[in-house]
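Working notes, beginning with the structure itself.
The values are calculated or read from the model by the stated rules, or taken from the named source; none is laboratory data. Keep in mind the model is a prediction, meaning the values are calculated, not measured. Ligands, DNA and RNA are stripped out before the accessible areas are found, and what is left, the full protein with its side chains, is counted by its heavy atoms. Shrake-Rupley method; radii C 1.70, N 1.55, O 1.52, S 1.80 Å.
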Amino acid sequence: MMEKTSFKIDRRAIFFKIFNPTVKSELRIPAHFLRHISEDSPDKATLRCLSGGIWNVKLHIDEDGLLIHQGWEKFHKDNHIEDGEFLVFRYDRALQFTVRIFNKNGLEREAKSTTMDKNQKADTFKNQKRPPKYPYNPKQTHVDVENGTEHETPRKKVAVEKAKVLLTPDIPQFVKCLKSYNVNKSCFIYVPKSFCEQLSESANKTTVILSNSEGKKWKVNFVLQKGYHAFCGGWKQFVKDNKLKEGDVCVFQLVNTNELKVSVFDNPPEYLLKLAV
């Protein structure tokens, strides 16, 4: 009798880049990949190679998304990465990436790490927890092998047109890509300070109305605590009733006094994800 072999599938999110002159000073994280990053305002990250080397880098947000900025040049120089080589970034959660480097011949090579300062290494591993598994996302997209970007599918085109009609500068609004903490356990969502000026606030707490595309309405608590504005009480019920999940993009638009219409995109166009940053 043949013995059965069980295979464990690594479902952590990945993206790739082909190293070339345009990514020598900074490297852009694909817009659709941002849905996997749970931190609301990421500014630092860690790159790790299979050889054991670790590099601390800073992230920069611009109008087109998120960039690996300061520290990136040191990473690729320390590892002697050449034009045309293939880099695969696996997201291990908590803003930690494992980078695998492939030669032009398609074979993976070991990264040549440099000696790190002991204190720097200690800081990197301090309070580090084993990353949880990332849930498998069965959605498939068409990928441009040259730059790792997506081509528009018919469903994506519908989402693009819907977003274009929806977004208008005449209406106070904000866009959020839902993270794990927005839909699980603690279940709350931060509201941009610039948008809060549009809401009528009473002391440190008030109530707003959220409505969906069908016109159904939910009462949600809007609170100000430690300098943060957030929707909390009632938000969990809104999430449950509308079957919201991590990675969905929500457009919040003020339609009446303290009443917001929420439009949900489960397959958002790239430019909408950039707005969510």
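Listing for the model above:
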{"read-out": "√(5λ) per eigenvalue of the Cα gyration tensor, the range 14-102, largest first, Å", "value": "19, 14, 12"}
{"read-out": "Space enclosed by the convex hull of the alpha-carbon atoms of the range 234-277, per residue, Å³", "value": "89"}
{"read-out": "Karplus (6.51, -1.76, 1.60) ³J(HN,Hα), θ = phi - 60°, over the range 240-250, in Hz, Gly and Pro reported as x", "value": "5, 5, 9, 6, 6, 9, 4, x, 5, 10, 10"}
{"read-out": "Per residue accessible area in Å² of the range 14-102, where ligands, DNA and RNA are left out and the probe is 1.4 Å", "value": "42"}
